[in-house]
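A quick write-up on the structure given underneath.
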Amino acid sequence: MKALPVEPSNVPVAIGSRIRAARQAQRLTIEQVADATGLTKGFLSRVERDLTSPSVASLVTLCQVLSVSVGDLFAAPETHLTRRDDGPRISLGGQGIVERLLTARSERRLQILQATIEPRGRGESELYAVDCDVDVLHVVKGRIKLILTNEEYDLEEGDTLSFPGREPHTWVNPTDETVEVLWVLVPAASR
């Protein structure tokens, strides 16, 4: 079996911003990292701005001090793109609603759901809860009423309401206009 010839790329690998982000996440200054690694502040500054590349030994030392793996600096970020109206349809119940999942099905940190609600559309007749820590409702277009156990909220275009995810609730479009909302669930609901 013949191997495919691969031409090496001369495109520099930009890891400086990831090194800076790791340093800042640890709440370390360049001076503190310089002291811990034995590298100079000027050299570290140039590395963070991708003006120079560290040796393998310097990079390993830097990663140890910053508690990141060398591989993480070079890994491509995991991304997921959903174009408008391309998200898979889902159904969490209710009448007169089209719901679409905008985040990847595999995303466990959060879920974003887009909902288009017909005039007089409504959630389930009984209050229901979603298995997440935080539930966020953002009104993109129109008006919606969110009903919790002991409170009701009349929300208009641009309004955002956050509430505990396991709080029983339902909703209704009290108008003769179509409503568009986004639901953000943190972490992703298991329901």
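Numbers for the structure displayed
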| item | result |
| --- | --- |
| Residue match in the stretch 118-128 (condition: part of a strand (DSSP E or B) and either among the aromatic types (Phe, Trp, Tyr) or free of Cβ contacts under 8 Å to residues at least 24 places away in the same chain (or both)) | yes |
| Candidate set: the stretch 139-152, residues that are in a loop (DSSP other than H, G, I, E, B) and touching an Asp or Glu at 6+ places or on another chain (Cβ under 9 Å); chosen: the one least open to solvent (accessible area, probe 1.4 Å) | GLY142 |
| Condition check for ILE112: in a strand (DSSP E or B) and closer than 11 Å to LEU185 by Cα | yes |
| Residue in the stretch 74-82 that is small (Gly, Ala, Ser) and open to solvent by 40 Å² or more (accessible area, probe 1.4 Å) present | yes |
| Close pairs (8 angstrom Cβ cut-off, 6 or more residues apart or separate chains): within 13 Å of ALA36 (Cα to Cα) and acidic (Asp, Glu) in the stretch 59-74, modelled with pLDDT of 95 or more and surrounded by 13 or more Cβ atoms within 10 Å (Cβ to Cβ) anywhere | none |
| Among the residues listed as THR79, THR103, the single one being touching a residue at least 12 places away in the same chain (Cβ under 8 Å) and hydroxyl-bearing (Ser, Thr, Tyr) | THR103 |
| Among residues of the stretch 153-181, those that are in contact with a strand residue (DSSP E or B) (Cβ under 6 Å, 6 or more places away or on another chain), part of a strand (DSSP E or B), under 21 Å from ALA129 (Cα atoms) and not aromatic (Phe, Trp, Tyr), counted | 10 |
| Count - residues of the stretch 1-35 that are assigned to a helix (DSSP H, G or I), more than 18 Å from LEU73 (Cα to Cα) and at pLDDT below 95 | 0 |
| Hey, THR82 polar (S, T, N, Q) and within 29 Å of the chain's Cα centre (by Cα) or not | yes |
| Residue that is farthest from THR175 (Cα to Cα), among those in the stretch 114-129 that are crowded, with 19+ Cβ neighbours inside 10 Å and hydrophobic (A, V, I, L, M, F, W, C) | ALA115 |
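To keep it simple, each residue is scored yes or no on (1) surrounded by 18 or more Cβ atoms within 10 Å (Cβ to Cβ); (2) in contact with a strand residue (DSSP E or B) (Cβ under 9 Å, 6 or more places away or on another chain); (3) in a strand (DSSP E or B).
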| residue | (1), (2), (3) |
| --- | --- |
| PRO54 | yes, no, no |
| LEU59 | no, no, no |
| ASP85 | no, yes, no |
| THR103 | yes, yes, no |
| ARG108 | no, no, no |
| LEU137 | yes, yes, yes |
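The values are calculated or read from the model by the stated rules, or taken from the named source; none is laboratory data. As the structure is a computational prediction, the values presented were derived from the model and not from experiment. Methodologically, a virtual Cβ is constructed for each residue, glycine included, from the backbone with ideal geometry; neighbour enumeration extends over all protein chains shown. Ligands, DNA and RNA are stripped out before the accessible areas are found, and what is left, the full protein with its side chains, is counted by its heavy atoms. Shrake-Rupley method; radii C 1.70, N 1.55, O 1.52, S 1.80 Å.
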